[in-house]
1. If I go through the stretch B:18-43 residue by residue, how many of them are surrounded by fewer than 16 Cβ atoms within 10 Å (Cβ to Cβ), within 7 Å of chain A (Cβ to nearest Cβ) and either touching a helix residue (DSSP H, G or I) at 6+ places or on another chain (Cβ under 8 Å) or among the charged types (D, E, K, R) (or both)?
2. Let me confirm something: among A:247, A:207, A:224, which residue is away from chain B (no Cβ under 14 Å) and in contact with a Ser or Thr (Cβ under 6 Å, 6 or more places away or on another chain)?
3. Counting only residues that are open to solvent by less than 30 Å² (accessible area, probe 1.4 Å) and in a helix (DSSP H, G or I), how many does the stretch A:204-255 have?
4. Check the stretch B:93-102 and report whether any residue there is surrounded by fewer than 24 Cβ atoms within 10 Å (Cβ to Cβ), charged (D, E, K, R) and facing chain A (nearest Cβ under 7 Å).
5. If I ask for residues that are within 9 Å of chain B (Cβ to nearest Cβ) and small (Gly, Ala, Ser), which ones from the stretch A:132-149 would you list?
6. Of the conditions (1) out of contact with any helix residue (DSSP H, G or I) (no Cβ under 7 Å at 6 or more places or on another chain); (2) away from every other protein chain (no Cβ under 11 Å); (3) within 30 Å of residue A:274 (Cβ to Cβ), residue B:159 clears all except one; give me its number.
7. Looking at residue B:107, is it touching a residue at least 24 places away in the same chain (Cβ under 8 Å), closer than 20 Å to residue B:151 by Cα, open to solvent by less than 70 Å² (accessible area, probe 1.4 Å) and not in a loop (DSSP other than H, G, I, E, B)?
8. Among (1) open to solvent by less than 20 Å² (accessible area, probe 1.4 Å); (2) part of a helix (DSSP H, G or I), which single condition is residue A:189 missing?
Amino acid sequence: MKSLRATNKSERGRWPYLYLAPILIGLSVFTVGPVIVSLFLSLTHYEIGLAPHFVGAANYRDLLSSRLFWQVAGQTFYYAFIYVPVSIAVSLSLALLIEKKTRGLAFFRTVYFLPVVTSTVAAAIIWSWLYNGDVGLLNYLLSLIGITGPQWLRNPHWAMPAIALMSVWKNAGYNMMILLAGLSQIPTDYHEAARLDGASAFRRFRTITLPLISPVLFFVVVVTTIGAFQVFEQTYVMTNGGPGTSTLTLSYYIWQMAFEFFDLGRASALGYLFFLIVLVFTFVQFRARKRWVFQP
Amino acid sequence: MGLPAMKLIRYLLLGLAGAIILAPFLWMIATSLETPEALTVFPPRIIPSPPRFSNYADVFQQLPIGTFFFNSVKISLLGTIGELFAASLAAFAFARMEFRGKKWLFAIVISTMMIPFQVTMVPVYIIMRYLGWLDSHASLIVPHFFGGAFASGAFGVFLLRQFFESIPKELEDASRIDGASRFRFFLTILLPLSKPALAVLGLFVFMGIWNDLLSPVLFLSTEDKMPLTFGLAVLQTVQHNGRFDLLMAGTLIAVTPIILLYIFAQRFVSEAFLRSGVKG
């Protein structure tokens, strides 16, 4: 055994780096490098084919003083503000519904997860059709209970909530799976003891399930919020940021700036502002953690 | 006494949720079997009668769905192989070797998962342009052999490292005593033993590439290069007034392989969630 350890040691040198080479090259070229280059570009005026020229903080200054930037940031928050609570409430409800050892559990779990494996593009196309204001299924169902539905995606007031609702349908199954895993960790005797003491189902949920699931819930809230800020594909397929600029989100705006207006410097600055916003939000959530997450 | 009633309510709610979740899929199927004329009428017909199966022949004739499909298969398969290659090699080094800066390197690899694409998108586009890979499948495939253009590989490294660590060290010692090289051990013993982990990772990576819109939209421009996601997104804007029947048939063709794959492998998916969720 000793000699074996010795040969291991002599092999220490460069071999590990050979195994790591692909991923390290990839991360340098496609992630770490671009993060640095993009910071540099954000301080320049740059269009493809021309040499970038340094403009200092002008891109940031212009963005922060433009009405559209704040409108777009506000709309992104608005989307997250609808999407995050609704989707987590739905995910948790679904998880609680199938948590117990019910017959057909695997069936329901599979069905609820189907939208997750469906591409956002496919989901967005299907929902654009459902949302069709003239002959769509949604407005037909609403008409059955006497409501005349709006032109969902063509109405500046309804387009964003409609996109958020589609995203809830698309993604709820994902968080449901994570919450299910969390729920399965709660010892059943806690609930049984409480039931013997006469605690109602609601009381048991509030005093046992919720505190014990809160660390998982925290993780879900953080990740879902980051995901919500990144919303891109939905607006790309369903509205192109319209009508007008009413569903323009930060990600889509960065995209537009770079690949429709070809202002790569400003797009990079926008990318960094976006990153900063996400970091600040995540930081705040970690700070608020103690307030509501149960620590044994 | 209240128990059977509670149970009934639970099943009703489970069924209701299932119906709401399935409804858009069913509506897609119904629409894909309609005549174009029937789709302009309000109230809409719920069940197409008679169902027009010829839409599925038309969709291949009138739209380049066959090309899109082939592109999706090609990009997703090759990309998945690439990512399994890069991630398993790196995970092996992190799980089984000692070297300088290991902890730091691992931390860096994992933390790249937090970098949003919005920050790296522009330079990555410039790199692809510089390499001459714009509007070619190389831009969508080759990066996966290096862990992906948008740091997707880090997740695979993390997942496989955990699995590799769970395989007893004695196995490696034994194979080394028999004179096998380290790489041979990796290739002929460790990888075959890791089939379940590789399958789960492969499944997630394949779905991720198949469903991805960002990279194709970023790098491709001609129609005959597009995968299903991009192709359908373009058709959706072009076809806006009319032929929703064909668009829905195309969408159904796009989602069916991935849904079948998921249904076959759903046991693995649930297990993966359970295992990764333990630590919360």
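1. 3
2. None of the other options fit; the residue is A:247.
3. Looking only at that region, the number is 23.
4. Yes, that holds for at least one residue.
5. A:136, A:143
6. (1)
7. So residue B:107 does not fit the description; no.
8. Condition not satisfied by residue A:189: (1).
The values are calculated or read from the model by the stated rules, or taken from the named source; none is laboratory data. Since the model is a prediction, treat every value here as computed from it, not as a measurement. Please note: Cβ atoms are built from the backbone with ideal geometry, for glycine as well, and neighbour counts cover all protein chains shown. Heads up: the accessible areas ignore ligands, DNA and RNA and are worked out on the full protein's heavy atoms, side chains in. Shrake-Rupley method; radii C 1.70, N 1.55, O 1.52, S 1.80 Å.
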